[in-house]
Amino acid sequence: VLLYKVVAEEVARGFPIFTIQALLFALPVPLGAILVSVFQGLEVAIAFSLIISALASIVLDGGVELFLYFSIGSLLAAYGVRHCRERMVLIKTGIKVGALNMVMAVSIQILWGNPYVTTGAISLVAGFVGGSLVGIIATGFLPLIEMLFGFTTDIKLLELSSLDQPILKDLMVKAPGTYHHSVVVSTMVEASAESIGANPLLAKVSAYYHDIGKIKKPLYFVENQQKGDNRHEKLAPS
């Protein structure tokens, strides 16, 4: 926020047509709310949105208007990605935030007593750009955060749920009985998770992989044994 404030001041100094107040509407504060909502849930994101909006408005020497601008945009962003299972949802949410920003930016400029057409137009563009940037930046940050901190989002779970995953193909070839069992169990636990309010996608993917260790020695498990061929009978007690 501080860095953006410095950049905005320099741009306004070099190009008087761009006022600092108008450029502040492009600050992508809702980005944090999106990331927190995806990784920690909507409840945490709501609290985070209010805190980060208050801090941003203080740093920018803004009043209640900027706090409302940032907080409402952040809350919309957090709500929009609460069940994010496709990366396109991030972009769509960013566009929605941008559209809301445009309305609020013009309203705030009128409230500030800046009815000039040029200032209003710049505020409109800045608000929309700020919202759109939120979705674009979040799309790039998500896989990086997943990799660095070991988070597993619903988007990652959807990728893991593909039966074209190499390890699942390996399971199908080396332990077909186990593979079929895992697919059947995934359907059962998905329905069970939905009925109790748990995460059905997480339950389904977990079922796919819960017996993945049988790839190592598939013939030691009864569902993969030929009739009369029990490997355990040939093992020494030790």
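Here each label is just a point 7 Å from Cα along the line to Cβ, and for R85 and L68 those points are 3.7 nm apart.
Straight-line cross-link partners of K217 among the lysines, defined as a Cα under 25 Å from its Cα and at least 8 positions apart when in the same chain: K169, K174, K204, K227, K234. Take 185-198, 68-81 and order them by the average number of nearby Cβ atoms within 10 Å per residue, most first; the result is 68-81, 185-198. For I167 and T118, the FRET efficiency from 1/(1 + (r/R0)^6), where r spans their Cβ atoms and R0 equals 45 Å, is about 0.15.
Counting each DSSP H run of 4 or more residues in the chain as -39500 (n - 2.57), what helix-only mean residue ellipticity at 222 nm follows after dividing by all residues, to the nearest 500 deg cm²/dmol? Working shown, then result.
Details: 11 runs with 168 residues, N = 238.
Helices in the chain give a 222 nm mean residue ellipticity of -23000 deg cm²/dmol.
Straight-line reach from K214: taking Cα to Cα under 12 Å and skipping same-chain neighbours fewer than 8 places apart, the aspartates and glutamates in range are D170, E223. When the Cα positions of M147, P28, W112 are compared along the charge dipole of the chain, M147 comes out farthest toward the positive end, with charges on each C-beta of Lys, Arg, Asp and Glu.
Hey, any idea what % of the range 91-238's accessible area is carbon plus sulfur with a 1.4 Å probe? Percent of accessible area from carbon and sulfur atoms in the range 91-238: 66. For the pair L42 and D61 in one chain, pulling the backbone fully straight at 0.36 nm per residue adds 4.0 nm over the alpha carbon distance.
Counting pairs of alpha carbon atoms under 8 Å apart in space and at least six apart in sequence, what relative contact order in percent does the range 24-110 give?
33 percent
Relative to the 2.2 N^0.38 Å rule of thumb, the range 33-88 has a C-alpha radius of gyration ratio of 1.15.
Per-residue SASA remark: V59, around 50 Å² accessible (1.4 Å probe; ligands, DNA and RNA not included). Helices meeting the span-like rule in the chain (full DSSP H runs, Cα extent of at least 27 Å along the helix axis, mean Kyte-Doolittle score of -1.0 or higher): 87-111, 117-149, 176-196. Test of understanding: extend the Cα→C-beta vector of T152 to 7 Å, then name every residue of the range 172-197 with backbone N under 15 Å from that spot. Only 186, 190 pass the distance filter.
What you get for the chain, charging only the Cβ of Lys and Arg (+1) and of Asp and Glu (-1), is a dipole of about 560 debye around the Cα centre. Taking packing as the residue-averaged number of other Cβ atoms within 10 angstrom, the listed peptides 97-104, 218-225 run from highest to lowest as 97-104, 218-225. Based on protein heavy atoms only, the range 125-238 ends up with 62 Å² per residue of surface accessible to a 1.4 Å probe. Rounded to 0.05, the FRET efficiency of the V222 and S195 pair, given R0 = 41 Å and the Cβ-Cβ distance, is 0.85. Please say if the chain is rounded, prolate or oblate, where rounded means a/c under 1.5 for a ≥ b ≥ c the square roots of the C-alpha gyration tensor eigenvalues, and otherwise the choice is prolate for a/b larger than b/c and oblate otherwise? Taking the square roots of the gyration eigenvalues as a ≥ b ≥ c, the chain is prolate. Just checking the listed ones, T118, T93, T139: in the Gaussian network model of the chain with Cα springs under 10 Å, the one fluctuating most is T118.
The values are calculated or read from the model by the stated rules, or taken from the named source; none is laboratory data. It should be emphasised that the depicted structure is a prediction, and the values quoted were computed from it without experimental measurement. Cβ: placed from backbone, ideal geometry, glycine included. Neighbour counts: every protein chain shown. We work out accessible area using only protein heavy atoms, side chains counted, and drop any ligands, DNA or RNA first. Shrake-Rupley method; radii C 1.70, N 1.55, O 1.52, S 1.80 Å.
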